[in-house]
Amino acid sequence: MEKIITLKTVSQFTRERGQKTLHPLISILDQSLSNPVEEVNYLSDLYIIFLKDVKCGELKYGRGNYDYEDGTLLFVAPGQVFGHGGKGTMIQPSGWALVLHPDLIRGTHLGKNIHHYNFFTYEANEALHISDAERKIVLECFDKIRHELAIGIDKHSKTLVGSYIELFLNYCVRFYERQFITREYIHKDVLEGFEQILNEYLQSDKPRTSGLPSVRYCAEQLHLSPKYFGDLVKRETGKTAQEYIQLNIIAVAKERIFDTGKTISEVAYELGFKYPSHFTRLFKQQVGQSPNEYRSLLN
């Protein structure tokens, strides 16, 4: 059984690496100055952001393995498992790590909005690959935070540190936007796969047995996290993944309503709706007419 250690405090993270804890709720470490650490898996109670500059071994994160490349950011949120597969050997960390306890931002603007930074729930293969110029911006943000921690804690520290973290995260939003654009050729394949998955699902018996196709189901079929998949679809189509699914459901519904041998309720059940009234409401919302009104136009 793989060894899993619960990572509860910032000091636990820094102490394991032989570095000082300047603030009990946040730390930024130059990992090249750290002691070697054991290759184990961690269940994190913290927010952790790794910036890797060099190749330093395979990291298991979420459902996939991630082989670090130059200039890569990887985001870990509380409740996630990350690590090195529990091999038990010692490795030398490298790059940088920002470690943040949720208590630092609790009640702040960042604390209330950090769930909007979807990349904290992305999978390993969805990590952020940054350019040299972007890496400099990241390190400038880290330097601002480290400077604030070095001068000691006062009544302004929490506000300033929170602002610098939020600035850094907002830059990451911009960098991910750039990554979505530069990887459009990959995303085109994803959208084509999305269409195929929806078509196959809606033409099968799955709607009757499993209900409506979900964003999570489609993302899993494409080996993507739901949040990354949703952001990708929104970026490429201007619609949420759920809206895109609904449009496909309505397109199939319009075809099946032609079959006057079926009642509207039968069409609804075929498409995976638990209640025909839910189908009628969605159809009217999307088409501007009820299913019966639409059918009457065909006669």
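The values are calculated or read from the model by the stated rules, or taken from the named source; none is laboratory data. All of these numbers come straight from a predicted model, not from anything done at the bench. Here the Cβ is made from the backbone with ideal geometry for all residues, glycine too, and neighbour counts use every protein chain on show.
Here are the numbers:
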| read-out | value |
| --- | --- |
| Positions within region 15-53 being more than 17 Å from ILE91 (Cβ to Cβ) and in a helix (DSSP H, G or I), in sequence order | ARG15 |
| SER163 being polar (S, T, N, Q) and not in a helix (DSSP H, G or I) | no |
| Residue in region 80-95 that is part of a helix (DSSP H, G or I) and among the hydrophobic types (A, V, I, L, M, F, W, C) present | no |
| Residues of region 251-284 satisfying the condition of being crowded, with 16+ Cβ neighbours inside 10 Å, within 31 Å of the chain's Cα centre (by Cα) and assigned to a helix (DSSP H, G or I) | VAL252, LEU271, PHE279, LEU282, PHE283 |
| Any hit, region 192-207, residues being touching a Cys at 6+ places or on another chain (Cβ under 8 Å), more than 22 Å from ASN118 (Cα to Cα) and touching a residue at least 24 places away in the same chain (Cβ under 8 Å) | yes |
| Members of region 208-245 found to be touching a residue at least 60 places away in the same chain (Cβ under 8 Å), of a type in the set (Gly, Ala, Ser), farther than 14 Å from GLU126 by Cβ and part of a helix (DSSP H, G or I), listed by number | SER210 |
| Odd one out for ASP143 among (1) farther than 25 Å from GLU126 by Cβ; (2) crowded, with 17+ Cβ neighbours inside 10 Å | (2) |
| Qualifying positions in region 20-36 - free of Cβ contacts under 8 Å to residues at least 60 places away in the same chain and under 26 Å from ASP103 (Cα atoms) | LYS20, THR21, SER34 |
| Region 96-109, residues that are modelled with pLDDT of 95 or more and assigned to a loop (DSSP other than H, G, I, E, B) | HIS101 |
| Residue among ILE197, ILE153, ILE145 that is under 24 Å from LEU51 (Cα atoms) and either in a loop (DSSP other than H, G, I, E, B) or among the β-branched types (Val, Ile, Thr) (or both) | ILE145 |
| Pick from region 1-41, criterion of a type in the set (A, V, I, L, M, F, W, C), over 26 Å from the mean Cα position of the chain (by Cα) and loosely packed, with under 15 Cβ neighbours inside 10 Å, ranking: modelled with the lowest pLDDT | MET1 |
| Among the residues listed as LEU224, LEU282, LEU297, the single one being at pLDDT 95 or above and among the hydrophobic types (A, V, I, L, M, F, W, C) | LEU282 |
| Yes/no for SER204 being part of a helix (DSSP H, G or I) and either closer than 16 Å to TYR122 by Cα or more than 15 Å from the chain's Cα centre (by Cα) (or both) | no |
